[in-house]
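The values are calculated or read from the model by the stated rules, or taken from the named source; none is laboratory data. Since the model is a prediction, treat every value here as computed from it, not as a measurement. Note that each Cβ is placed from the backbone with ideal geometry, even for glycine, and that neighbours are counted across all protein chains shown.
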Amino acid sequence: MNSKSPIINLSKFYRIKQLIIFFIYAPLIFYFFLIKTELSYYFFRKKNIRLTYNWKKIFKKLDQKKEISILEIGSYAGLSTSIFIENLNNMTIDCVDTWGGSDEHKKDNFNLIESKFDKLKKNYSDKINKYKMTSEEFLQYKIDSHSNHKYNLIYIDGSHFYDDVLKDAELSFKFLKKNSYVIFDDFLWFRYKNIFHNPFLAILKFYKNNSKNLRIISVYSQVIFQKIK
């Protein structure tokens, strides 16, 4: 008997399998975000369509003569919150976060992180509403209470796990005004070894479920949609 019989490296095999699955799904990204939006024509027919829009271009589209209402799922220390405040004068923002993190934040000190956010809230108490709970609890409460309040802008940057991203998207979309915007952070975030757990597939699924009601504004590390119906 040969004592040097080959042993299958299951870890390596698993990674190869995940890589194969990724390339199977890659055409879906091309289909939904290039062909469907005619972005491919940009390179050949010079249509006035750009792949990336920064936030300031979105801010300019918002009517600042009226109060702008924002929902932020995942506020962390308040960096994105402060960007909204600095660029939009007539606004209020509902910030939803557990300030306990998820499996991606095992080493983070959330006492310090939350204290930074609270300092920002203290300085802008008339603009920031803090909700320390899960996004599902917050959105389900709004649904159960038959809330008529809707948002001009929704920013989704909470848990990056597939199920959570899709649930945040579908539930919050009910509270987005027509012609308003939803921004997904970390479209190209691939920290989960299982490719099916990463956010990009959840964003694709959300688009597939609501494509008739959406216009794609930007696709890169972030994805921006406009609700058209």
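I'd like the residue in segment 199-209 that is touching a residue at least 40 places away in the same chain (Cβ under 8 Å) and over 13 Å from D168 (Cβ atoms) and, out of all such residues, is surrounded by the fewest Cβ atoms within 10 Å (Cβ to Cβ). Result: K208. Among the residues of segment 132-173, those identified as in contact with a Ser or Thr (Cβ under 7 Å, 6 or more places away or on another chain), assigned to a loop (DSSP other than H, G, I, E, B) and of a type in the set (S, T, N, Q) are T134, S159. Listed by first and then second residue, the pairs with beta-carbon distance under 6 Å, at least 6 apart or on different chains, first residue in segment 169-183 and outside the structural domain of Y151 (by TED's automatic domain parsing), second among the small types (G, A, S) and surrounded by fewer than 19 Cβ atoms within 10 Å (Cβ to Cβ), form an empty list. Number of residues in segment 194-223 that are among the β-branched types (V, I, T) and not in a helix (DSSP H, G or I) equals 4. Residues that are in a helix (DSSP H, G or I), in contact with a strand residue (DSSP E or B) (Cβ under 9 Å, 6 or more places away or on another chain) and touching a residue at least 40 places away in the same chain (Cβ under 8 Å) within segment 91-131 comprise F117, L120, K121, listed in sequence order.
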